[in-house]
1. If I go through segment 80-98 residue by residue, how many of them are assigned to a helix (DSSP H, G or I) and either basic (Lys, Arg) or in contact (Cβ under 8 Å) with a residue 24 or more places away in the chain (or both)?
2. Name the residue that is farthest from the chain's Cα centre (by Cα), counting only residues in segment 4-58 that are on the phi > 0 side of the Ramachandran plot and at pLDDT 75 or above.
Amino acid sequence: MGGYDTTGRWRSDAWHMDGGANDEGYHNKWCHSCCAETEHDWVNCIPCGDRAVRNRTGKQSSIVGQHTVTRYPNGKRYCTCKGFKFRKQCKHTSIAKF
């Protein structure tokens, strides 16, 4: 089956059902986390997955005693203690929980 689009090209029924979006496998469904009707793949809500990735990739900080350990998206850790400033390593970076 199928038919022609407005430019005169032959398109399948799936293309016409998607409105030309070519996003087979994605559909709109109610998401209880977003409290809205959002786009889903076969299992997950797309906006919820995007939010999880965005939150995970940012800079994170943890306080160990009196010092602050920061973990950057590339995985490197930095501490505010004097030992880290001179040696570029300290016990706080291994103790920190993120």
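1. 7
2. The selected residue is 8.
The values are calculated or read from the model by the stated rules, or taken from the named source; none is laboratory data. None of the values given here were measured: they were computed from a predicted structure. Every residue, glycine as well, gets a Cβ built from its backbone with ideal geometry; the counts of neighbours run over all protein chains shown.
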